[in-house]
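To start, the structure itself, in structure tokens.
The values are calculated or read from the model by the stated rules, or taken from the named source; none is laboratory data. Here the structure is a predicted model, which means the values were calculated and not measured. All Cβ positions, glycine included, derive from the backbone under ideal geometry; neighbour counts span all protein chains shown.
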Amino acid sequence: MIVVTGASGNVGGQVVALLAAAGERVTAVSRRTAELPEGVRQVRADLDDPAGLKDAFDGTDALFLLVAGQNPQAILDGAMAGGVRRVVLLSSQGAGTRPDFYRHPAAFEDAVRRSGLEWTILRPGGFHSNAYAWAESVRGGRSAAAPFGDVGLPTIDPADIAEVAAAVLREDGHAGRVYELTGPAPTTPRERVAAIGAALGTPVRFAEQTREEARAQMLQFMPEQVVEGTLAILGKPTDAERRVSPDVERVLGRAPRSFADWAVRNAAAFR
Ligand SMILES: NC(=O)c1ccc[n+]([C@@H]2O[C@H](COP(=O)([O-])OP(=O)(O)OC[C@H]3O[C@@H](n4cnc5c(N)ncnc54)[C@H](OP(=O)(O)O)[C@@H]3O)[C@@H](O)[C@H]2O)c1
């Protein structure tokens, strides 16, 4: 049995679908009800209430864990009591490059490393799907706003993260590894907006935001520390943050998918 947390989300939902399609027995954990493939067991629980996860963990071999809740040690203790031997953590690139800003994923990484379980850490950079933030303004006015319009970063397709996670959960040979997950090439926000326009077959205007405008917008849905870390990465990425990682190809045997490919597959959200 494999337990997948964040099953109602972007990455977790795709991990569940891939594992179920591969014939694995899956328990999907989230607070909201998730739409799940047939045969997947649903447990509604909060990672901030590890005692409520007991049912989910009974008889489990492997755990896909995302960074949520304040007590990773309690989550892992519960998982081990239920029989878990392997944990795959969806962390964040920032835990490695800017641990002072990304303390939450860094704390989960520490707990996973100390757990005595067979662990693998996935550290994605920014997701292609962060472009969903532009969906409303593209639909309504064929425009999209972002700061640092000409700074390139190799964003990653969440479908590739899910595929890597499913492989690492099922295969041996990944224990003790930290995989940096990026797309195939850096793209700038301006180029990503143009790619959405190309996918729609109609131009989309790029509007450059100031750092302060972007900060105010991000503070509506992210803690201040994460906002500062994210703005630092978007505006002045380090060499490590700009680097295209070979790890998706190492695990999957194929190159990661580009932003343009993601835009074509997700064009309906922008129409
Ligand atoms: N977007 C990026 O650029 C980026 C970059 C690096 C790392 N990441 C990491 O990747 C993770 C997954 O991204 P995503 O796009 O799949 O996110 P998402 O679509 O927002 O999904 C987040 C999932 O986490 C679950 N969740 C949140 N708090 C929870 C809690 N207390 N207890 C149980 N479940 C909880 C949510 O389920 P319910 O609300 O139903 O409980 C949902 O299923 C993020 O959480 C972030 O840490 C993101």
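What to note about this one:
- Output for the range 37-74, where each listed residue is in contact (Cβ under 8 Å) with a residue 24 or more places away in the chain, within 19 Å of the chain's Cα centre (by Cα) and within 11 Å of the ligand (Cβ to nearest atom): Leu47, Phe64, Leu65, Leu66, Val67, Ala68
- Scanning the range 7-49 for residues that are more than 22 Å from Val168 (Cα to Cα), of a type in the set (Gly, Ala, Ser) and in contact with a Leu (Cβ under 9 Å, 6 or more places away or on another chain) gives a single hit, Ala45.
- Whenever a residue of the range 1-19 is part of a helix (DSSP H, G or I), it has no partner that is within 9 Å of the ligand (Cβ to nearest atom) and acidic (Asp, Glu) lying with C-beta atoms less than 7 angstrom away and at least six residues away or across chains.
- Hey, Glu163 outside any loop (DSSP other than H, G, I, E, B), under 25 Å from Ala267 (Cβ atoms) and either basic (Lys, Arg) or within 14 Å of the ligand (Cβ to nearest atom) (or both) or not: yes
- Counted as qualifying within the range 203-249 are the helices (runs of 4 or more DSSP H) with 3 or more residues that are closer than 14 Å to Gly126 by Cβ, in contact with a helix residue (DSSP H, G or I) (Cβ under 8 Å, 6 or more places away or on another chain) and of a type in the set (Val, Ile, Thr), namely 224-235.
- Whenever a residue of the range 24-36 is near the ligand (Cβ under 6 Å from one of its atoms) and in a loop (DSSP other than H, G, I, E, B), its partners that are at pLDDT 95 or above and of a type in the set (S, T, N, Q), lying with C-beta atoms within less than 9 angstrom and at least six residues away or across chains, give the pairs Arg31/Ser8; Arg32/Ser8.
- Verdict on Arg215 being under 26 Å from Val88 (Cα atoms) and among the basic types (Lys, Arg): no
- Residue within the range 1-15 that is over 22 Å from Asp157 (Cβ atoms), within 13 Å of the ligand (Cβ to nearest atom) and surrounded by 20 or more Cβ atoms within 10 Å (Cβ to Cβ) present: yes
- Residues within the range 190-248 that are within 19 Å of the chain's Cα centre (by Cα), modelled with pLDDT of 95 or more and either among the basic types (Lys, Arg) or surrounded by fewer than 13 Cβ atoms within 10 Å (Cβ to Cβ) (or both), tallied: 3
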